[in-house]
Structure formats: structure tokens, C-alpha cells
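Everything below concerns the one structure shown next.
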Amino acid sequence: MTTNDQIEHEEEVTRRNFLYVATGVVGAVGVVSAAWPLVDQMNPSADVLALASVEVDMSSIPEGQTVKVLWRGKPIFIRHRTAKEIARGVSEDNDPMKDPALDKDRAQKPEWLVMIGICTHLGCVPLDNTEFQSGEYGGWYCPCHGSEYDIAGRIRKGPAPRNLEIPKYEYLNDTTVKIG
Amino acid sequence: MGSSTYVPKSKAGKWFEERLPIMGLIHGTLGAGYNAPRNLNYWWNFGSLAGFMLVVQILTGIILVMHYTPHVDFAFRAVEHIMRDVNYGWLLRYTHSNGASMFFVVVYIHILRGMYFGSYKSPREVLWFLGLVIYLLMMATGFMGYVLPWGQMSFWGATVITNLFGAFNFYDGMGDSILHLLWGGFSVDNPTLQRFFSLHYLLPFVIVGVVILHIWALHLPGSNNPLGIDAKGPGDKIPFHPYYTAKDAFGLSFFIVIFALFIFYMPNIMGHPDNYIEANPMVTPSHIVPEWYYLPFYTILKAVPDKLFGVIAMFSSILIFFVLPWLDGSKVRSAKFRPATAFFFWLFIINAIFLGYLGTKLPSAIIINMGGGIDALTLGRIASVLYFAYFIVVVPLVSRMESTKPVPTSIAQSVLDARKEG
């Protein structure tokens, strides 16, 4: 059997080279597209994504108390801050911080602090020091590796890299928020 | 692996062997067809003990699955059901949970034996790699198995360990994307439990596959031995069966007595009481402790103030074993003839145990109280530095500078000399 190819010179691109590379590329694309569903099935499924928001009526939370609600399997801290706590948060705005943030940027309404109650280090739930303003910063303390957050949930000490995360939330009325 | 010396005794055996020479393969691998150095001591028992533990774990595991349900609503109850209702369920579960610890004890001794006698050195580097791969697979399997009872330590252990992968946050949101992919949700939850269950069932069989490669790689150069010199003539070797099968069986019976002591008299000593409380995502236990076999690495993680570098340090502390064959530049394998190497080896062991001890402590706990007081975090940092210094400084320098003791010319000669002296 003969082919239409001329006698192959080294380095010369022949029809055979082209077919060889093209077959390889098509094959690779096929393998990747076949593998993608096998990987993507691990991502959150539709029913998990459907539970993405929760509404909380905050009218029953007295000043100076924190309530924990579950959102997407994670605890959300809703802290009704006292005027004293807000003042402390604001007064520490210029203190050295790993992840600098102003107190006013931490909450849509300063008296209601809404945060994901998960340490940004390795995911433990920090303990509440707010009641007696105990600990160095009077906020939250993570028992797992000793990270300390202040009264605005800003990281002040320990291995955690970021402030306690603020979820997306909006006020439906004065005392009801929709988280997510 | 494999041997051409195998001669089937029966006619049927011969008929079968011509069609599938598997009996010859076994004969040549773990039978009379494999000649091992004649001077192997009891530290060489731990390879077969590890093989035994792998079989025990797979057997008890397959049976436990018949009574277990991998769902957040049922998993905790299923384990209690196994403990209270299933006939001998308590025995199966205690064997499996303590078996994991025993498996790690045996494998740690097996690895350290390889370190002391230079079994990782040429020409056994790939053998060493395969062993480390088995060890990494064991760590993953053990971790996922610990999550299945869905107690508080299961849940929070899973949360902390999976969050390690969130440290790879090279662009905004990358860490979260990795975590959501691992969890199948926005936190450790039912999808996580189900995939861990699937993988916990799969990985042991992957380990079996790598064990076969490990034994294959062992049989090309043959076993190392306490002298670390190559076995040459027939006088240096004896058949694996019956000599080492008998010796290993004796060691095994001793080992099973210790294993039984744990199962029957202190089945929960390796566990944590918090794991008898059902998982609760709203409450973190006051103190999260991993299983004992991860503790030294956990201390290294805690010692680094930066999250990403802490994770990198922790993984490096294990991966560094892969380059040990090149860090060690000595021509002599066994630490028997390398007194300085042996000395630092034992320091390394003491330091590693100390790292493990610190892993159980809160970072702020005062360990040494002399007026001021030194906390676990500070000591953990010192011990972590020493851990890496062993690999990066001590081994490369000592192995190249040390003047070794004279090495015997052959195993047979050494055995005969010892007999004369004795």
C-alpha cells in the first residue's frame, strides 16, 4: 500500500504528523469531558444549594445577647451589641490588625452584628467572651488553636488569617434579616 | 516475585501450574522459594504484622458495613446498634477501632526499623517510596474511618482537617471552592459523610495493591538485614519458609496477646469520650484532639503562626521522608556501624514522641514551670524545628562526616564470629 506522503524529511510536518496530533487532541478533549462529571458530582447538589437562605426575626433578642442560627450547616452569630460594645469596636479601629476593617463596615446596622460563627483558621466554632467582655479583646475565642476575635469579629490574635466572615444578608424590615 | 524452582507435588497441581503459575508465585514470594538473610531479628517481624493487620481491618470492616448506615441521621445510631444489638458487634467494632491503632503502631515500628538499619538506601529507594505511599493511604483511610461514627470528634476532626485544604487560597474564593468540592456542601454534612464512607471502603483495597508492589520491589534486591550488607552466597541466606514463617508466627502470637489486651480490657483508651456524643455543628468541643497517630504532625501544624505555611510544614514533615535516601550520603546502611547516626536517630525518636505529647495540649498550656513557665506552643515550635533539622542538617552532615565502624565481610562470617565469641 502506498500513501500520498512524499518521502519524509526530518523536521518536516507531514500529513501523518498532523493526523497524529489531531487525534491526540480530540482524544484528550474527550477524556477531560468524560472526567468532568465525575469531578463535578462532588460539588454541592441542587437540593443543598436550594437551602441557601434563612430568615431570622431578631425582635426577641435582647441587647447584649448573641443568638446562633444554622445556615448552610454553619452557625451564624447574631449579636445585639450594646452602645458600650459599639464604642469599644470603633475606638479600636486604628489598632494593629491582621485583616484591618472599620467597625462600621462590619455591620449594616451597628447594633446588629451578623457573622458566620466559624473560625477562619480551621473551622471551629469560637466561644463567646462577649457577655462579660472577658479575654483580651472581649469578643470570641477559638478553643482549637487559640485565635481571638474582638467585639466586631475582627481577628486580633492567633493563627486565623481573616476576620469572622460576614454572610450576605439584607433587612426585610427593622428586625428581620434574610441571610443568604 | 515469582520463582521457577517450584515443583508441584500432585498431578492436578502440575496441571494447574502449567495454566496459571500462581502457586509458584506464592512459593517464590512468601514460601520456601524466597531466600532471606539468615540474620533477620524480630524488628523484621513487623512487615508481616502489618500485613496481618491489613487483613484484620478489611475483614472486620466488611462485616461492620453490613450493620452500618452512612447517613447523618442514622450513622451515630447505627454504631450504637452495632455496640448493643448486633451479636458480637462490640467485638467487631472494638477490634476494628483498636485495630487501626495497632496497624499504625506496627507500621511506625516498621518504618523506624527501615530508618535505623538503612533499608531505604540504594537499591531499595522505590521499595521505601511504596511504603510511604501505603502510609499516606493509611492516614487518609484512618481519618475517614474516624468520621463514620458521626460523633463530636468525628465531625470536628473532619472540619479541621478538611479546612486545611482551604489554606490553598491563591486567588479570592479558591479556598472556598476547594472546600465546597470536598464537602459537597457549605460545611461537613451528609454528602461529606457519604463520600468518606465510599472512600474508606475503597482505599484499603488500593493499599492491598500497593502492598503487592511493595513486596515485588522487596524481592528484587531481597530483604535488608541488621548488618546492612548485601547477602551474597548461599551461606548468607535461609528459605523464608519454614524459618521466617515460623519466626513471624511466633511474633504474631505475642502481638495478638497485646492486641487482645486493648480490645478486652481498655477498648476506649485510644479513643476520645467526646466521640460518644452525637455530632453537633453548633458546638465545638472545648478541645479537639486528633487520633494519636497524627499528633506529632498536628503539633507542627499548630507551631506555625501562618495558616498556609502551617499546612505546608505539616505536609512537608511527612513528604520529607521521600528524599531521605539522598539526604543520607553514607556508604554504610546499618546504624549498627554508625554510632553518631544511631545517637541522633534516638534523639529524633524522643523528639517525635515529645511532638506527639504536645499535640494533646492546648497551645497555651504550661508544660515546663520554672518560675516563668514555658507553654506548649513555644515547645512545639522548638520541637518542630528540631524535627526538620534532623532531616535537613543532621542526616546530610553526619552521614557524610562520620567515620564508620568496620563492616563484616559477609553475613555468614559475622554469624560464625558471634558464635565463636558466645
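Things to note:
- Conditions (1) closer than 30 Å to B:Leu193 by Cα; (2) among the hydrophobic types (A, V, I, L, M, F, W, C); (3) open to solvent by less than 30 Å² (accessible area, probe 1.4 Å); number of the one not met by A:Val54: (3)
- Listing of helices (runs of 4 or more DSSP H) fully contained in the stretch B:1-79 that carry 1 or more residues being within 27 Å of the chain's Cα centre (by Cα) and surrounded by fewer than 15 Cβ atoms within 10 Å (Cβ to Cβ): B:46-65
- Residues of the stretch B:367-412 satisfying the condition of being without any contact (Cβ under 8 Å) to a residue 12 or more places away in the chain, surrounded by 14 or more Cβ atoms within 10 Å (Cβ to Cβ) and farther than 29 Å from B:Phe322 by Cα: none
- Yes/no for A:Ile61 being in contact with a strand residue (DSSP E or B) (Cβ under 7 Å, 6 or more places away or on another chain) and within 14 Å of chain B (Cβ to nearest Cβ): no
- Residue among A:Gly153, A:Gly123 that alone is assigned to a loop (DSSP other than H, G, I, E, B), on the phi > 0 side of the Ramachandran plot and away from every other protein chain (no Cβ under 14 Å): A:Gly153
- Any hit, the stretch B:228-244, residues being within 30 Å of B:Thr404 (Cα to Cα), open to solvent by less than 50 Å² (accessible area, probe 1.4 Å), part of a helix (DSSP H, G or I) and touching a helix residue (DSSP H, G or I) at 6+ places or on another chain (Cβ under 6 Å): yes
This table checks each residue for (1) crowded, with 21+ Cβ neighbours inside 10 Å; (2) in a helix (DSSP H, G or I); (3) within 14 Å of another protein chain (Cβ to nearest Cβ).
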| residue | (1), (2), (3) |
| --- | --- |
| B:Thr95 | yes, yes, no |
| B:Leu112 | no, yes, no |
| B:Tyr120 | yes, no, no |
| B:Val126 | no, yes, no |
| B:Leu132 | no, yes, no |
| B:Leu136 | no, yes, no |
| B:Met144 | yes, yes, no |
| B:Pro149 | yes, no, no |
| B:Trp156 | yes, yes, yes |
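- Condition check for B:Pro281: farther than 17 Å from B:Gly145 by Cα and within 14 Å of another protein chain (Cβ to nearest Cβ): yes
- Residue match in the stretch B:353-370 (condition: closer than 24 Å to B:Ser119 by Cα and at pLDDT 95 or above): yes
The values are calculated or read from the model by the stated rules, or taken from the named source; none is laboratory data. Predicted model only: the values in this text are computed from it and were never measured. Using ideal geometry, Cβ is built from the backbone for each residue, glycine included, and neighbour counts are taken over all protein chains shown. Protein only, heavy atoms only, side chains kept; ligands, DNA and RNA dropped before computing areas. Shrake-Rupley method; radii C 1.70, N 1.55, O 1.52, S 1.80 Å.
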